[in-house]
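Peer 1: Encoded as C-alpha cells, here's the structure I'll be asking about.
The values are calculated or read from the model by the stated rules, or taken from the named source; none is laboratory data. Not measured: the values here are computed from a predicted model. Neighbour counts run over all protein chains shown; Cβ positions are idealised from the backbone, glycine included.
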Amino acid sequence: MLRHDAGLYPPGVEPRDWGPDDVDERHQDPHASADLQGDVAKIFRAITKFEAIIRKRVVAFFLSGAGVITNSELMTPLRVAIVGFGTVGRSVARILIHGVSGLRLTRVFNRNVNRKRVDWVPASVSWTETIDDVFSPDVDVVVELVGGTDPAFGWMRRALSKGKSVVTANKQVMARHGLELFELARANGAQLGFEASVAGGIPVIRGIQEGLGGDELIRVQGVLNGTCNYILSEMASSVVSFETVLADAQARGYAEADPAVDLDGFDAQAKLAILSAVGLRRRVEPTTIPCRSIRGLVTADFDAARELGRAIRQVSVAERVKNGSGVRAAVGPAMVRLDSRLAQVAGSENVVVVDGVRGGQTAFVGQGAGGDPTAVAVVSDLLAIASGNSRMITHAFPVVGSDHRVVEMGAQPHYLRAAGGDEAERRLTEFGVVGAQRLDAVDNELLMVTDPCTTEAIEKSMNKLTNDEAVRVLAALPLVD
Ligand SMILES: NC(=O)c1ccc[n+]([C@@H]2O[C@H](COP(=O)([O-])OP(=O)(O)OC[C@H]3O[C@@H](n4cnc5c(N)ncnc54)[C@H](OP(=O)(O)O)[C@@H]3O)[C@@H](O)[C@H]2O)c1
C-alpha cells in the first residue's frame, strides 16, 4: 500500500498524483533528486490519464450497443438474387431493401419481368427474365421462391453446382429431393436453407436443430396446413356446409382455385416428410405417407366433436417405430382434445408439437403462411449463411442411410359415422371394428366411438361395404391425444 507520508513526496506533488497502488514507495530512494522524482510523477500522470480515456471509450462502446458485432457485419455483404417475385419474393425484397446488415439484394428474376417491376426496388437491383443471370458471379445466394418441382428443382441444382448457396421455401422439392440437394451443397461448399418450407414463419427447423439438438425426438405432430385449419375452424363455429366455407376461403385468397393439394393432405404430407428427416432423423419418401381428405365432413361431425369435448383438425403425425427402423405416419382429419395444443391454433395458424426422450413435449406456434411471416424465415436463413453458421444448415438433413419405411399408425379409438344404423354396426363388428360408445344420430346413421383399431381396418371394412349403398362408412377420424 502507498503510505501518504508527506515527507516521501517531491515538493508540489500530492499523494493522489502518484501512480497505481502497486507502486510501493519503499522501493523509492528517499535521497533521489527532486528533478528525477518530478519526471516520474509526470509519467505516472500521463499513464493515469491515458488509462482513464481508454476506460471511458470501452464503456461507451459497449453501452452504445456497438459492442455487439456479428460476423456478417465484419464481412462483405452476401449478394442475393430472388427467383420468383410473387407473394413471398416481394416480402423478402422489402425486408432486404429496408436494410439487413450483411445482405444485399442484387437481382430479381421472374418470367415476363416487366409486369413485376415496382418503384420501391432501388435502381442498383437488376431485373431479369433470363435465368442464366442468376448464376452470374455477382450473386452469392439464390433465393428460390417460384414453387413447384419444375423448373425450381433444376435451378436449385444448378446454383448449388456452381457453389452458390440456396435458400428456399419449397416443401415439394425439399421433401422429394432434399437428400440430393444436400449432397450437392456439401460437394460444392455451398449452403442450403429451407426454414420457410415448413410452417411458414415459425422457426421450427432451427428450433428442433439448435434448441432441441441435445434431445432425441420420438414424435412430431402438427397442424401444418392453414387452409384446412381455416375451413375446419369456420365449420366448427358456424353451421355452414363444407362447400360454402371452401368458396368463402377461395374468395378471400386463403385457398387455391384448385384446393386439392391442401384439402387432400398433400401439402402437409411434404412438410411432414421434412419434419421426419429433421426431427426424427429418419428420411421417408413423402408419397408413402397415407393422406386422408377433409372433404366429406358435415355439421354432424362437428356436433359430435363438441359432445366428445374435442375439435376437428387436419393432423400430421410421424413417430419413430419403437425398437426398429421405420416411421409411423399419417395426415388427415382427427379429433383432438379441446385442451390440447393442436386444438389451440385457429384460422391460418400452424402448430408443431415434438416429443423428446429427455426434454418432454415442446410446441412451436405461429403464422404458418403469408408473405411477411414466410419472408422472415427466408431472411433468417440468409443471415445464418452470412454469419457462417454452416453447421446448422448442412447438418439439417440425415444424408447417410436409405429412406425409412412408412407404416400405418397404431390402433386408436376412432369417431365413426356410417349410413345404415344398427346394421352398419353389426357388419363393422364382423371386420373387428367394435363400438365403445354410441352418440345421438339422425336419419338412420350410426355415430359412435370405437374401441382402439387402425384407420386401415376401418377402410378395409369400408371397401367391403361399398357395394351396399345403404350401409356405408361416411367418416372415420382417429381420436388423438
Ligand atoms: N405464400 C405463402 O404463404 C407461402 C408460405 C410458405 C411457403 N410458401 C412457398 O413459397 C414459394 C413461393 O410461394 P408464393 O406464395 O410466393 O407463390 P406466388 O405468389 O405464386 O409467386 C411465385 C412467383 O414465381 C413466378 N414463377 C412461377 N413459375 C415461374 C417460372 N417457371 N419462371 C419464372 N417465374 C415463375 C411467378 O410468376 P407469375 O406471376 O408469372 O406466375 C410468381 O411471381 C412456394 O414454394 C410456396 O410453397 C409460400
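Peer 1: Considering only the range 356-384, state which residues are of a type in the set (Gly, Ala, Ser), away from the ligand (no atom under 16 Å from the Cβ) and either over 19 Å from residue 82 (Cβ atoms) or in the same structural domain as residue 83 (by TED's automatic domain parsing) (or both).
Peer 2: Passing the criteria: 356, 359, 360, 363.
Peer 1: For the range 432-456, enumerate the residues that are free of Cβ contacts under 8 Å to residues at least 40 places away in the same chain and closer than 20 Å to residue 407 by Cβ.
Peer 2: Those that are free of Cβ contacts under 8 Å to residues at least 40 places away in the same chain and closer than 20 Å to residue 407 by Cβ: 432, 433.
Peer 1: Shifting gears a bit: Right, residue 223: within 13 Å of the ligand (Cβ to nearest atom), buried (at least 24 other Cβ atoms within 10 Å of the Cβ) and closer than 28 Å to residue 353 by Cα or not?
Peer 2: no
Peer 1: (1) outside any strand (DSSP E or B); (2) touching a Ser or Thr at 6+ places or on another chain (Cβ under 9 Å); (3) away from the ligand (no atom under 16 Å from the Cβ): which one isn't true of residue 353, the others all being true?
Peer 2: (1)
Peer 1: Another question, then. Among the residues of the range 153-177 satisfying the criterion of being without any contact (Cβ under 8 Å) to a residue 40 or more places away in the chain and among the small types (Gly, Ala, Ser), which is farthest from the ligand (Cβ to nearest atom)?
Peer 2: 163
Peer 1: Sticking with this one: Out of the range 241-281, which residues are outside any helix (DSSP H, G or I) and surrounded by fewer than 23 Cβ atoms within 10 Å (Cβ to Cβ)?
Peer 2: Residues satisfying the conditions are 241, 252, 253, 254, 255, 256, 257, 258, 259, 264, 281.
Peer 1: Hey, any hits in the range 89-111 for a residue that's surrounded by fewer than 16 Cβ atoms within 10 Å (Cβ to Cβ) and near the ligand (Cβ under 9 Å from one of its atoms)?
Peer 2: Looking through the range 89-111, at least one residue is surrounded by fewer than 16 Cβ atoms within 10 Å (Cβ to Cβ) and near the ligand (Cβ under 9 Å from one of its atoms).
Peer 1: List the pairs whose first member sits in the range 75-92 and is of a type in the set (Phe, Trp, Tyr), whose second member is near the ligand (Cβ under 7 Å from one of its atoms), and whose Cβ atoms are under 7 Å apart, counting only residues at least 6 apart or on separate chains?
Peer 2: Between residues of the range 75-92 that are of a type in the set (Phe, Trp, Tyr) and residues that are near the ligand (Cβ under 7 Å from one of its atoms), the close pairs are 85/110; 85/116.
Peer 1: Got at least one residue in the range 178-201 being part of a strand (DSSP E or B), under 19 Å from residue 148 (Cβ atoms) and within 12 Å of the ligand (Cβ to nearest atom)?
Peer 2: No, the conditions are met nowhere in the range 178-201.
Peer 1: Scan the range 429-478 residue by residue and report those that are part of a loop (DSSP other than H, G, I, E, B) and polar (S, T, N, Q).
Peer 2: 444, 454, 466, 467
Peer 1: Checking residue 177 against (1) over 27 Å from residue 367 (Cβ atoms); (2) modelled with pLDDT of 95 or more, only one condition comes out false. Which one?
Peer 2: With (1) over 27 Å from residue 367 (Cβ atoms); (2) modelled with pLDDT of 95 or more applied to residue 177, the lone miss is (1).
Peer 1: Quick check on residue 147: is it within 14 Å of the ligand (Cβ to nearest atom) and in the same structural domain as residue 90 (by TED's automatic domain parsing)?
Peer 2: Taking the combined requirement at face value, the residue satisfies it.
Peer 1: Right, next: Looking only at the range 112-139, which residues are away from the ligand (no atom under 12 Å from the Cβ) and surrounded by fewer than 10 Cβ atoms within 10 Å (Cβ to Cβ)?
Peer 2: Correct list: 119, 120, 122, 123, 124, 132, 137.
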